């Protein structure tokens, strides 16, 4: 792997950029790997990366049905925060946020992490109490957040309308070190680093079956033939249930569509991320100047990667009240992603009934921000069989009643 | 936009009139059942990529519950039917078979 640097840019400028190499190799699969990760999204690639970096396991393949980072990694609204109420969530999301801070240097790939601050508006009395509680919980967890007044909100976001008739702004939970990152670059950066360690990223290769002997995973059937492995990690977001079925167990998940949309580019007008959970809307301004808006989920099972129009209408209607200046903005693109939701709206990072097979899924609407922490914990779980980061997110928590109930704590938007 | 025919009041209702109620035909397990059965009843859903049976309520209409057979992959609706049943009526099954040959009804958890 050639090192990216200012010097490299200058060197290539002098020779008409003929010296750049491909960021990652596209090899044919080998017969056997120590570890196979299914799903080359952010979580899958991060898992592979930390397996190699932290545990020296480098005989790894990452298998992807479509193209690298083409699922929810490329469909989210790129928000990074860790102001969660429950301890296990705060731990894994804060780990991820911390890793994001110097990920560009670590991967030698600019992921454009921008810790511009994340603000979660309280627009009802219930939310005021909820976010003050979260701020206190965060203080105990060592996550730096604070409760701020409407006046401070206005200072940070001059374009906001504090006294909307339906959704007044009564205060906010403010995480100064939250922000955004370039979502594709996160996947690309991890992929480049994995490839440099000698790992194989195999795209356009669909897993069609999981091979097992005596209750232990021994390999996978794919559209490029049988590939053997010692350990298997299923990290496929929306299709977790389908993969689990191939492996012979079931997951407490349902797949639904979550939508986002983006406006035409405008001059810089808002330099923080604002989330309004009461109205299922959140907005930030990208470096290109587009307003990136995330909406709500459909209420029904859906595998189509497109959602219902009226959710967008509701989101935009509410945001227009809170940000009157966006009312004449034209929207350029709208898209949907398939998210897998658990009953308690927290992810599953766990061993499975099939020995040697591990699952990382159920991130629901909040997976992007967790990518480095999820990969770190998942790698530890796969390499050593135990991880303090993922312990609470095991599959048996539902049977044992140990819910990590973020559906109540965080409202709907992640 | 999703449009479902409400079998209770006969209206073709748009999605904004309807409230989704999750998977239909769940087998209910209560006190005295095994932990596994209770766990499956509470948390495990079929979540198929394809034919799905679900409960809907005509919330901003007649207010009544009914069932719908729908494809989660194409958003195609095969039909709606009364909620007072433990499995889909034959004509719904036939309608699905016509469009998804080889499809079979299976007992849901």
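Please treat every number below as a calculation from the coordinates, not as lab data. Just so you know, these numbers come straight off a predicted model, no measurement behind them. Quick reminder, even Gly has a Cβ in these numbers, built from the backbone with ideal geometry, and neighbours come from all protein chains shown.
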With a ≥ b ≥ c from the Cα gyration tensor eigenvalues, square-rooted, and the rule rounded for a/c under 1.5, otherwise prolate when a/b > b/c and oblate otherwise, region A:54-98 is oblate
State, to one decimal in nm, how far the label point of residue B:103 lies from the label point of residue A:332, with both points 7 Å from Cα in the Cβ direction. 4.0 nm
How do the peptides B:15-21, A:196-202 rank, highest first, by the average count of neighbouring beta carbon atoms within 10 Å per residue? A:196-202, B:15-21
Between the helical axis of A:183-196 and the dominant principal axis of chain A, each derived from Cα atoms, what acute angle in degrees is found, rounded to the nearest 10? 20 degrees
Stick to Cα atoms and the Kirkwood definition of Rh, then tell me Rg/Rh for chain A. 0.97
Determine the shape class of chain B: with a ≥ b ≥ c the square roots of the Cα gyration tensor eigenvalues, call it rounded for a/c under 1.5, and otherwise prolate if a/b is greater than b/c, oblate otherwise. oblate
Per-residue Cβ contact counts at 10 Å, fewest first, order B:62, B:71, A:205 as B:62, B:71, A:205
Quick check: the angle from helix A:87-101's long axis to the longest principal axis of chain A, C-alpha only, nearest 10 degrees? 80 degrees
Tell me, what is a quarter of the convex hull surface for the C-alpha atoms of region A:159-258, in nm² with one decimal? 11.5 nm²
CD proxy, 222 nm, the protein assembly as shown: helix-only mean residue ellipticity via -39,500 (n - 2.57) per DSSP H run with n ≥ 4, per residue, nearest 500, stands at -8000 deg cm²/dmol
Rounded to 10°, Cα long-axis angle of helix B:90-99 versus longest principal axis of chain B: 80 degrees
Long-range tail of P(r) for region A:287-414 (Cα pairs > 21 Å, %): 52 percent
Going by how many other beta carbons lie within 10 Å of each one, how would you line up A:389, A:51, fewest first? A:389, A:51
Region A:343-412, Cα convex hull volume normalised per residue, Å³: 87 Å³
Let me confirm one metric for peptide A:398-404, namely the mean number of other chain beta-carbon atoms within 10 Å of its residues' beta-carbons. 2
Cα convex hull volume per residue for region A:41-154 (Å³): 146 Å³
Beta bridges per DSSP with both ends in the protein assembly as shown, % antiparallel, nearest 5: 75 percent
To make sure I understand, if each residue's beta carbon is the centre and we count other beta carbons within 10 Å, what order do A:28, A:176 fall in, fewest to most? A:28, A:176
